[in-house]
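A short worksheet on the structure shown next.
The values are calculated or read from the model by the stated rules, or taken from the named source; none is laboratory data. A quick note: this is a predicted structure, and the numbers were derived from the prediction, not measured. Note that we place each Cβ from the backbone using ideal geometry, even for glycine, and neighbour counts take in every protein chain shown. To get the accessible areas, we keep the full protein, side chains included, count just its heavy atoms, and leave off ligands, DNA and RNA. Shrake-Rupley method; radii C 1.70, N 1.55, O 1.52, S 1.80 Å.
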Amino acid sequence: MSDEEGAERAGPGRPAPEDHVATRIKLEREVRGWSTVKLAEEMAAAGHPINQSAIWRIESGKPRRRVNLDEALGFCKVFDITMQDLTGPPGELATPRIRQLAHEYVEMTLEYRQLRAAIDRNQMHLHEVQMELDAYADKGPEQRGQVDELLRLEERAAMRSRHPSRAHLRNQEQPPAGE
């Protein structure tokens, strides 16, 4: 390739996917709230080192710096996107805010599923405990009274320990003087 052809490929006449890559890198970085330094650190951690100034030149240089294959693979890995997504036309990309909202939605959905599973496990265990307490209480009125009284005492103790006015007791080794 002649120097003239190389200059053209680096400038305005270069293939469209190269511009798409630069646009996508900047979008993905901004959506995550990363600086070019942070992106360079993430790339190095992923085994595809590139310096911060090279990232800036890819995103904003005049002309933009080209991305080699190793770097492209690194960006795909760091951003968890496919090569097709990296090189696709920017018109197919959502705005940074919409991308951020989609990311938050997915994260919150995953967190909800984890919490829901924990609640389900808790509910199953609670049912098992309730069955054991009921089995003991069914032995007679004295046992029923014991269970009822223990439950009242435990609930009061739990409520007291969680009451905001007693937060200082939970956060310190020793109770305040006079208690």
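Keeping the other protein chains in place, figure out the carbon and sulfur percent of the accessible area of the stretch 35-105, with a 1.4 Å probe. In the stretch 35-105, the share of accessible area belonging to carbon and sulfur is 56 percent. Sorting the segments 63-75, 42-54, 102-114 by their residues' average number of neighbouring beta-carbon atoms within 10 angstrom, most packed first, yields 63-75, 42-54, 102-114. A Förster distance of 35 Å, applied to the separation of the beta-carbon atoms of Val106 and Met159, puts the FRET efficiency at 0.40.
Hey, which lysines would be in cross-link range of Lys62, C-alpha to C-alpha under 25 Å, not counting anything within fewer than 8 residues on its own chain? Result set, ordered by chain and number: Lys26, Lys38.
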